[in-house]
Amino acid sequence: MLTCKKSYRDIPFAHRQHLHDGHCALIHGHNWGITLTFACSETDANGFVVDFGKLKYLKTWIDEHLDHACLFNADDPETEALLASAGHLFKAYTLPNCSCEGVAQHLHGIFDNMVRTETSDRAWITEIEIIEDSKNSAAYRPD
């Protein structure tokens, strides 16, 4: 198996951990990074795991859904009230868990499918690392 990595940096978005017993229960933002590790058994005709120049579809998804967004846990009891005013005040994105760990797992489900589709199942994502303010990170690797 061969691997390569692509990183997207300085993606500003906010989140809140509604079950946290401290300041993380408040809506707050970070500059995030996403590092994707791609894998394949056989390279393409150029010898690439993936062609970095042809990953614009991932950047487009990040820009549309995460850039300057506010992420909420699906079970956050305040989400409905906050989303009622989201239209012109902020971009909202709801997922099962908006912790670093939860974002990594959630994005793997989305990005892995996209990569497999774009490469006709020749390549896949073997790991996603989410970096929060360059100080903290979590990674998801499927079994």
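The values are calculated or read from the model by the stated rules, or taken from the named source; none is laboratory data. Predicted model, so just to flag it, every value in this text is computed and none were measured. Backbone-built Cβ (ideal geometry, glycine too); neighbour counts: all protein chains shown.
Mind listing whichever residues of the stretch 120-141 are touching a Phe, Trp or Tyr at 6+ places or on another chain (Cβ under 9 Å) and either surrounded by fewer than 14 Cβ atoms within 10 Å (Cβ to Cβ) or assigned to a loop (DSSP other than H, G, I, E, B) (or both)?
Once the filter is applied, which keeps residues that are touching a Phe, Trp or Tyr at 6+ places or on another chain (Cβ under 9 Å) and either surrounded by fewer than 14 Cβ atoms within 10 Å (Cβ to Cβ) or assigned to a loop (DSSP other than H, G, I, E, B) (or both), the stretch 120-141 yields only Asp133.
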Within the stretch 95-109, of all residues that are touching a helix residue (DSSP H, G or I) at 6+ places or on another chain (Cβ under 8 Å) and surrounded by 15 or more Cβ atoms within 10 Å (Cβ to Cβ), the one farthest from Leu19 (Cα to Cα) is Leu95
Among residues of the stretch 110-119 being buried (at least 17 other Cβ atoms within 10 Å of the Cβ) and either under 26 Å from His18 (Cβ atoms) or of a type in the set (D, E, K, R) (or both), the residue farthest from the chain's Cα centre (by Cα) is Asp112
In the stretch 16-44, anything modelled with pLDDT of 95 or more and surrounded by fewer than 14 Cβ atoms within 10 Å (Cβ to Cβ) is listed as Asn31, Ser41, Glu42
Requested in this report: Go through the residues of the stretch 72-81 one by one and say whether even a single one is surrounded by 14 or more Cβ atoms within 10 Å (Cβ to Cβ), under 15 Å from the mean Cα position of the chain (by Cα) and assigned to a loop (DSSP other than H, G, I, E, B).
Outcome: no
Item to check | Filter result for Glu127 (more than 16 Å from Phe13 (Cβ to Cβ) and either at pLDDT below 95 or touching an Asp or Glu at 6+ places or on another chain (Cβ under 7 Å) (or both)) | outcome: no
